[in-house]
Amino acid sequence: MEKKYEYPAPANYPDVVNTDEGIEKLITKSNLEALLTKMGEDGHDVSAPLVELIAMRNFMVQKMRGNKNIIPLVECILFELKK
């Protein structure tokens, strides 16, 4: 018998995950990662999509860190310009 995988989304899920906070949560806990991990454990070769997911996560983390580092610099520049 073929395995059945179910990861249903709540009605408001697109609204929840399409925010900065939602994206940050996806970095640590993702239904996609859970699905791929389960499929891998069940014998499916999902190595390529899992590598792609990890690469996208790493990209998001780098961009988010960069943005958090830039904000204080921009605030400082704006403060100096207002003098």
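Please identify the pairs in which a residue from segment 29-57 that is in contact (Cβ under 8 Å) with a residue 24 or more places away in the chain and among the basic types (Lys, Arg) has its Cβ atom under 7 Å from the Cβ atom of a residue that is loosely packed, with under 13 Cβ neighbours inside 10 Å and assigned to a loop (DSSP other than H, G, I, E, B), counting only partners at least 6 apart or on another chain.
LYS38/TYR5
Could we say that ALA48 is surrounded by fewer than 10 Cβ atoms within 10 Å (Cβ to Cβ), aliphatic (A, V, I, L, M), assigned to a loop (DSSP other than H, G, I, E, B) and at negative phi here? Show your work before the answer.
On the way: surrounded by fewer than 10 Cβ atoms within 10 Å (Cβ to Cβ): yes; aliphatic (A, V, I, L, M): yes; assigned to a loop (DSSP other than H, G, I, E, B): no; at negative phi: yes.
So ALA48 does not fit the description; no.
Filtering segment 1-28 down to residues that are part of a loop (DSSP other than H, G, I, E, B) and either modelled with pLDDT under 90 or in contact with a His (Cβ under 9 Å, 6 or more places away or on another chain) (or both), which residue is nearest to ALA55 (Cα to Cα)? Spell out the reasoning first.
Of all residues in segment 1-28, those part of a loop (DSSP other than H, G, I, E, B) come to 1-12, 18-19.
Keeping just the survivors that are either modelled with pLDDT under 90 or in contact with a His (Cβ under 9 Å, 6 or more places away or on another chain) (or both) gives 1-3.
Working: MET1: 33, GLU2: 29, LYS3: 27 Å.
Out of the qualifying residues, it is LYS3.
The values are calculated or read from the model by the stated rules, or taken from the named source; none is laboratory data. Just so it is clear, the structure is predicted and the values come from calculations on it, not from any experiment. FYI the Cβ positions are ideal-geometry reconstructions off the backbone, even for glycines, and counts take in every protein chain you see.
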